[in-house]
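All remarks here apply to the structure that follows.
The values are calculated or read from the model by the stated rules, or taken from the named source; none is laboratory data. Only a predicted model underlies this, so the values are computations on that prediction, with no experimental measurement involved. A quick note on method: Cβ atoms are made from the backbone with ideal geometry, for glycine too, and the neighbour counts reach across all protein chains shown.
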Amino acid sequence: MWEWRFFCDLASASYFFTNQTDLESAINSEDHEIRFDRYVNLRTPELGLKFRNIRNNVRKALLELKVLFQTNQWKAEFWEKPIRRYTFTHPGREVIPTILHEESNKLYPELSKKINWILDHISSKELEFTTIKKKRKILHLYDPNKVVKSKFQIPKASTRIEQTVVEFNQTTWKTISIQSYNDQTIKGILDNLAIDERYIISGYPGFLIGQSTTNNNL
C-alpha cells in the first residue's frame, strides 16, 4: 500500500487541515485507540520490525515486518507487510530470529534476502528497541455509510487518514499519514493541503533513526 506520512510537534500539526475543515472535523470525531508498539532499531529506513500492541497483562504480541519497496518523487512510499505473526511468549528478543527464519522460507527471494539481512544484522549486534505510545484515530475516506465532504474525489478503494499522537524517549509528536492503494489518490489529497518545512516527511523507521537515541530493554 502507498503511504505518505509526516511528523511534527503538536502545535504545528493543528494547521495541516486549515483549508479542509470538514475533513479535520471528521477525523477529530473518530474514536481513538491507545496502544504501545516496540520497534527493533535496525538502522535502515527501508525495514520496520516491531512488536505491535504489547501489553503487560497479556503474554502475547504481534511481530510485524514492514518492507519499503518504492519511494516516488513527492515522497509517498510503497510498503508491504510480509510478516504478521502472533507470538505467545512475552515479546522478547529470543523469539525474533526463530520467527524470521520460519517465515523467510514461505516468501519469494527478494523478501527472503531482506529477512536474511535482518538476521545477519541482529546476530552481530546487541539489539536496541524503542517503545512508542500511540494515541491513534483512523478515518476511512470511502465509506458508503459515512460521506466525508472534501474538495477531492475519492475512488472506491481503501483510502484512509491516520492521525496519531506518539510519545517516546520523553518527546511527544503528532504524525498524520494518508494511505491508499493508488498513489495518485494521495497526490490529489495533498494538492489541497498546505505542506511546508514544519513537517518531517518520513516513514516510522526513518523517523526513529533520526530521533531515537535510547536503548529500551525488553
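Being of a type in the set (Lys, Arg), in contact (Cβ under 8 Å) with a residue 24 or more places away in the chain and either touching a strand residue (DSSP E or B) at 6+ places or on another chain (Cβ under 8 Å) or more than 19 Å from ILE132 (Cα to Cα) (or both) narrows it down to one of ARG35, ARG59, so name that one.
ARG35
For residues that are surrounded by fewer than 12 Cβ atoms within 10 Å (Cβ to Cβ) and not hydroxyl-bearing (Ser, Thr, Tyr), scanning just region 23-34, find the one that is farthest from TRP173 (Cα to Cα).
Among them, the one singled out is ASP31.
Looking at (1) surrounded by 15 or more Cβ atoms within 10 Å (Cβ to Cβ); (2) on the phi > 0 side of the Ramachandran plot; (3) not polar (S, T, N, Q), find the lone condition where ASP37 falls short.
(2)
Against the conditions (1) more than 19 Å from ILE201 (Cβ to Cβ); (2) in contact (Cβ under 8 Å) with a residue 60 or more places away in the chain; (3) among the β-branched types (Val, Ile, Thr); (4) not in a strand (DSSP E or B), where does THR18 fall short? Just the number, please.
It fails just one condition, (1).
Give me a count of the residues in region 57-107 that are surrounded by fewer than 14 Cβ atoms within 10 Å (Cβ to Cβ), in a strand (DSSP E or B) and modelled with pLDDT under 90.
Count: 1.
Within region 47-56, which residues are of a type in the set (A, V, I, L, M, F, W, C) and at pLDDT below 95?
PHE51, ILE54
Suppose we keep only residues that are touching a Gly at 6+ places or on another chain (Cβ under 9 Å) and not basic (Lys, Arg) within region 52-69. Which one would you say is farthest from GLU126 (Cα to Cα)? Before you say what the answer is, go through the steps one by one.
Here is the first cut: in region 52-69, the residues touching a Gly at 6+ places or on another chain (Cβ under 9 Å) are 64-68.
With the extra rule that they be not basic (Lys, Arg), the set shrinks to 64-65, 67-68.
On the way: GLU64: 20, LEU65: 19, VAL67: 22, LEU68: 24 Å.
Across region 52-69, the extreme among qualifying residues is LEU68.
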